[in-house]
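None of the figures in this text is laboratory data; all of them are computed from the coordinates on show. Quick caveat, the model's predicted, so the values are computed rather than measured. Neighbour counts are summed over all protein chains in view; Cβ atoms, including those assigned to glycine, are modelled from backbone coordinates with ideal geometry.
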Amino acid sequence: MKNDSILIEQFKNRDETALSKLYDKYSGAIYGVIIRMCRNEEAAQEILQETFMKAWDKSHLYNADKGKFYTWLYRIARNTTLNFLRKDEKLIQTEDLSVYKDEGVEEDDDMHVELKGALAKLDAHHQKALKLIYFNGLTHKEAHEEMGVPLGTFKSYVRQAVTKLREVYAKELLILICILELLT
Amino acid sequence: MKDRNTIIESGMLEMYLLGLLPDEQVTALEQTLAEDAVLATKYAEIEQDFENVSLENAIQPPDFIKEDLFEEIRKKYEGVKTLPKEETSTNIKNTSQFLWIAASVAAVFMIGAFWMFTQWNATKDDLQVTQQELNDIKKQIENLQGDLKDSQLLADVINDPNTLQYALKGNDKIPGGFAKAYINHEDKSAIVNVQKLPELPADKTYQMWADVEGEMINMGVIDKSKNVVVLEYIDEATSLNITIEPAGGSDHATVEQLVTNVYL
């Protein structure tokens with residue numbers, strides 16, 4: 001975040017160079033989220049552009065004291081994607097506001113939604129819990145129904161998954177530090 | 001507001017991150033995060049972990065999206081600061097202008113250099129022509145000086161009362177040919193006017209001889225390019241003879257090629 005602070009300040013001042021750099025840095029991550037949520041490449045491309053356009057329009061509203069730039073950008077992408085899905089006639093929201101209830105999340109796994117990295121190393125239920133809320137844009141209520149577990153259990157899954165994730169990254173960081181120590 | 005552990009265990013931080021926390025709880029949580037450094041650090045860790053997950057699962061979007069995005073921004077906004085493409089464009093423009101100026105200066109310099117080279121060559125040619133003309137003039141002057149000297153010599157010889165003139169009329173080998181010899185026994189000089197001798201082929205020359213006691217003594221080769229030729233004076237010569245000899249002259253007279261002679 002410190003490295004991005006100047007860049008983000010420039011971005012807030014409508015500096016196109018800063019936007020270009022931030023786009024290069026985060027567009028892949030954001031596009032990965034969007035395409036997993038809407039599972040439609042063409043739509044994902046439109047939503048990605050709209051996300052950055054919104055970020056540009058509302059750049060003055062970003063407050064670094066309240067969180068990371070990427071988190072802010074992720075929320076814009078998530079909301080934009082959900083709005084898009086809700087407008088889609090095929091995905092008319094139901095009473096519980098679920099946008100996936102009729103389709104089911106599980107059936108749509110393909111090469112685009114295959115998870116990698118630390119998340120893939122978690123237990124299946126932890127992995128799925130995070131995937132549902134983070135990559136599929138479901139609320140906790142929607143997600144626990146999707147998983148078929150009580151809401152409390154689902155929340156525990158999320159909490160445990162976040163803890164495990166921290167452990168994986170901490171372990172990777174430790175290994176990296178050890179390698180660097182050995183190299184020096 | 002709830003205490004730190006309750007907030008952590010309730011999953012509020014994750015919900016806040018995802019934007020799922022109800023608005024009424026957002027303000028309170030943000031206030032707590034601002035005041036609780038430990039909780040803020042915890043939240044920062046979660047944020048970082050989710051960002052890492054996203055980066056690990058990134059999918060590269062097509063390039064045209066970025067192009068479309070910036071095109072849309074340019075359409076929508078005016079006076080956008082530090083436009084990279086425009087900056088690049090400006091730089092390119094400036095660089096281009098500089099290159100054009102440099103190219104123009106180089107072109108002017110090259111044209112100037114070429115013009116100077118041409119002029120120098122022309123001047124060099126002119127100088128060579130002038131030098132040639134000067135040489136020709138010098139040669140002409142030398143010739144004139146030679147002619148003058150010959151004329152002066154001839155005039156001196158003719159005007160000298162001690163000079164004797166001898167006419168050498170050509171025989172059948174040079175019909176119409178004629179030479180005139182001026183001999184001054186006092187000064188011991190011999191001059192021949194060969195203006196009326198006909199031209200010979202390039203491989204032939206006239207040569208003059210003095211008959212001394214029956215022996216032909218060489219007086220010299222006659223240079224036909226001159227009207228008046230100074231020859232070697234020979235004492236006790238009884239006659240003057242002119243023969244046609246191979247170019248460069250002979251050591252001994254070719255009597256068969258005698259063209260004229262006169263007794264002294």
For residues of A:158-171, the mean tally of beta carbons on other chains within 10 Å
3
Roughly speaking, what is the stretch gain from B:Ile111 to B:Asp187, that is 0.36 nm per residue apart minus the C-alpha to C-alpha distance, in nm to one decimal?
20.3 nm
Which value, to two decimals, describes the C-alpha radius of gyration of the protein assembly as shown once divided by 2.2 N^0.38 Å?
2.62
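Provide the packing ranking of A:132-138, B:212-218, i.e. peptides ordered by the mean count of other C-beta atoms within 10 Å per residue, highest first. Intermediate values should be presented prior to the final figure.
Values: A:132-138: 24.6, B:212-218: 13.3.
In decreasing order of mean packing, A:132-138, B:212-218 become A:132-138, B:212-218.
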At q = 0.16, 0.22, 0.26, 0.31 Å⁻¹, what is the base-10 log of I(q)/I(0) for the range A:31-74 according to the Debye formula with one equal point scatterer per Cα and no solvent? Please give it to two decimals.
-0.46, -0.75, -0.89, -1.04
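Kindly state, to the nearest 0.05, the FRET efficiency for B:Leu164 paired with B:Thr130, given R0 = 45 Å and r defined as their beta-carbon distance.
On the way: r = 48 Å, r/R0 = 1.07.
Calculated transfer efficiency: 0.40.
Quick one: order B:His252, B:His185 by neighbouring beta-carbon count within 10 Å, fewest to most.
Numbers: B:His252 11, B:His185 14.
Taking fewest neighbouring Cβ atoms as first place, the list is B:His252, B:His185.
Grab the other residues whose beta carbon is less than 12 angstrom from that of B:Leu168, score K and R as +1, D and E as -1, and report the net. Write down the numbers at each step before the final one.
On the way: positive: B:Lys169, B:Lys180, B:Lys196; negative: none.
Every neighbour counted, the sum reads +3.
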How far apart, in nanometres, would the label points at B:Glu56 and A:Asn40 be if each is projected 7 angstrom from Cα along the Cα-to-Cβ direction?
3.0 nm
For A:Lys141, list the aspartates and glutamates whose Cα falls under 12 Å from its own Cα; do not include residues on the same chain fewer than 8 positions away.
A:Asp96
Projected label distance in nm at B:Val262 and B:Thr123, using a 7 Å step from Cα toward the beta-carbon:
5.9 nm
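Given N residues in chain B, what is its alpha carbon radius of gyration divided by 2.2 N^0.38 Å?
Details: Rg = 58.2 Å, N = 264, 2.2 N^0.38 = 18.3 Å.
Rg over 2.2 N^0.38 Å, computed on Cα atoms: 3.18.
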In a Gaussian network model over chain B where Cα atoms closer than 10 Å are linked, find which of B:Leu29, B:Leu99, B:Leu148 has the largest mean-square fluctuation.
B:Leu29
Ranked B:Met15, B:Met110, B:Met208, A:Met53, criterion: other C-beta atoms within 10 Å, fewest first
B:Met110, A:Met53, B:Met15, B:Met208
Hey, which of these cross-link pairs are over 19 Å Cα-Cα: A:Lys131/A:Lys164; B:Lys173/B:Lys224; A:Lys116/A:Lys171?
none
Per principal axis, descending, Cα span of the range B:1-65 in whole Å
47, 22, 19
Using the charge dipole of the protein assembly as shown (Lys, Arg: +1 at Cβ; Asp, Glu: -1 at Cβ; taken about the Cα centre), state which of B:Leu164, B:Val255, B:Thr27 has its Cα farthest towards the positive end.
B:Thr27
Suppose a student asked you for the relative contact order of chain B, using Cα pairs under 8 Å spaced at least 6 residues apart; what percent would you report?
11 percent
Kindly provide the helix-only [θ] at 222 nm of chain B, computed as the sum of -39,500 (n - 2.57) over DSSP H runs of four or more divided by all residues, to the nearest 500 deg cm²/dmol?
-18000 deg cm²/dmol
What ranking of A:Tyr70, A:Tyr157 emerges when the number of other C-beta atoms within 10 Å of each C-beta is taken as an exposure proxy, fewest first?
A:Tyr70, A:Tyr157
In terms of modelled amide H atoms, which long-range or inter-chain residues lie less than 5 Å from the amide H of B:Gly177?
B:Gly170
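How large is the charge dipole for chain B, taken about the Cα centre, if only the Cβ atoms of Lys, Arg (+1) and Asp, Glu (-1) carry charge, to the nearest 20 debye? Let's see the in-between values first.
Values: 22 positive and 45 negative charges, 293 e Å.
For chain B, the charge dipole is close to 1400 debye.
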All-pairs alpha carbon distance profile, the range B:97-249, 5 Å steps from 0, percent:
2, 8, 13, 14, 13, 10, 6, 4, 4, 4, 4, 3, 3, 3, 3, 3, 2, 1, 1, 0, 0
For the range A:48-61, Karplus-derived ³J(HN,Hα) couplings (6.51, -1.76, 1.60; θ = phi - 60°; whole Hz; x for glycine and proline) come out as 4, 4, 5, 4, 5, 5, 5, 4, 5, 4, 10, 4, 5, 8
Quick calc: nm separation of the 7 Å Cα→Cβ label points for A:Leu151 and B:Asp235 -> 16.0 nm
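For the range B:103-249, what's the relative contact order in percent, using C-alpha pairs closer than 8 Å and at least 6 residues apart?
Numbers: 195 pairs, mean separation 25.0, N = 147.
Contact order relative to length: 17 percent.
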